[in-house]
Amino acid sequence: MTRRLYFENSFIKEFTATVISCEEAEKGYIIVLDKTAFFPEGGGQKPDTGFIDAVRVNDVQEKGDTIYHYTDQPVNAGECCVCKIDWDQRFRRMQNHSGEHIVSGIVHGKYGYNNVGFHMGAEDITIDFDGYLDREQLMEVEAIANMAVAENTQITAFYPEPEELKNIDYRSKLDLTENVRLVNIEGYDLCACCAPHVNTTAQVGLVRIFESIRHKEGIRVHMLCGLDAVDDYREKSRNAEAISKMLSAPQNDTALAVERLKAEKEAAFAEINRLKKAQENAEIKKLRETEGNICVFTESFEADQLRSIVNAGMALCGGICAAFSGNDKDGWKYIMGSSSIDMGKEARTINSVLRGRGGGRGSMIQGSMQAGEAEIKEYFRV
């Protein structure tokens, strides 16, 4: 049985322990210590990493009463080793986990919704609730959570007796009956949890809810706490400063500046579309009725413009209407159509003679070709 130091004091960063066993595994080694402050994966919190002497601990898992430390190198059984936890990582995880308890407790107490999913990822943490909360409600939850932080309330853990547990109203995703560890944040939350937490709500630091999406029958909330939230704030602040400079607008007015820029962009696109339509119409007006073929050459028409020309030209010619965009040096993009010819069958011959690629079905084909304008006109006899 491994003595769990993280339950006795979650702020232990360094400790000494005796190696009970060290066995070679498929990848590296598995070490058992007589006691450990390394937290194994559980309760939604990832396992600690760190060092046993100079040997790197990459993973920690729990099986029964024993905690297993997974390393790259061996340590001699019987040795007394100095063990160090990657503290910055652990502390940030405790901040986020305790902050999640505060938020989940507030949501449960205020709205009656249950936390049905919790994930502590590399970018943020997510909580799944079985009911929906709008943005205004989430901001109220965030405000209450940060007030809980300011109150510096104690966070404690205890193991109630089975009979006592029956009469305690606590949050849990599982139906637990024995060896239940309850984490209590007085006035905010009481929840079954096997993970280490900070000692007071003040140590959680900032609680920040970023966004939410509808998930199944409820909502998925994205959030960060403590140092992770501060780092995120700094990154967002750096980006806001850069955007402010690019827009030549104060940071608090960047949203208005973006709205103006968006309106200008939409107006510019509308003008571009108007000019494109005018170009199409100008080319269409040049078309003349013929029993033969029609070829139209342009420099920078887009596919929809070429298609409009072909649709108009098909009604005026007895053969093929072909519209091209490009030049002899870089090649041509084409769309061709006919009211009387199966263009799908004709495509192979056209592409073979004019060094083209492409095809289609029925009355219209499209693709590209490397033949020059003069060669194309000669082929279509226009």
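Cross-linked pairs K110/K216; K216/K265; K286/K329; K35/K166: Cα-Cα separations exceed 27 Å for K216/K265; K35/K166.
Could you put Y6, Y170 in order of accessible surface area, largest first, with the 1.4 Å probe and the full protein assembly present?
Details: Y6 5, Y170 50 Å².
Greatest to least solvent exposure: Y170, Y6.
Return the calculated 222 nm mean residue ellipticity for the chain, to the nearest 500 deg cm²/dmol, obtained by summing -39500 (n - 2.57) across DSSP H runs with n ≥ 4 and dividing by the residue count.
Using -39500 (n - 2.57) per qualifying helix, the result is -11500 deg cm²/dmol.
Could you tell me what percent of the accessible area of the chain is made up of carbon and sulfur, with a 1.4 Å probe and every protein chain present? That share works out to 48 percent. Peptides 216-229, 244-257 ordered by packing proxy, namely the average of other Cβ atoms within 10 Å per residue, highest first: 216-229, 244-257. Determine ³J(HN,Hα), in whole Hz, for all residues of the stretch 199-207 in sequence, where each value follows from phi through the Karplus function 6.51 cos²θ - 1.76 cosθ + 1.60 and θ = phi - 60°; x replaces Gly and Pro. Along the stretch 199-207, the couplings run 7, 9, 5, 4, 6, 5, x, 5, 10 Hz. The label point for A54 and the one for K216, both projected 7 Å from the Cα toward the Cβ, are 4.9 nm apart. For the chain, the Kirkwood estimate of the hydrodynamic radius, built from every pair of different alpha carbons, is 27.1 Å. Surface exposure of the chain, expressed per residue as accessible area with a 1.4 Å probe, stands at 55 Å². With both labels modelled 7 Å from their Cα along Cα-to-Cβ, the D72 to K286 distance reads 6.9 nm. In summary, the aspartates and glutamates within cross-link reach of K377, defined as a Cα separation below 14 angstrom excluding same-chain residues under 8 places away, comprise D328.
The values are calculated or read from the model by the stated rules, or taken from the named source; none is laboratory data. The structure presented is a predicted model; accordingly, all values stated were derived computationally and were not measured. Here the Cβ is made from the backbone with ideal geometry for all residues, glycine too, and neighbour counts use every protein chain on show. Each accessible area value is taken on the protein alone, full model and side chains, heavy atoms only, with ligands, DNA and RNA left out. Shrake-Rupley method; radii C 1.70, N 1.55, O 1.52, S 1.80 Å.
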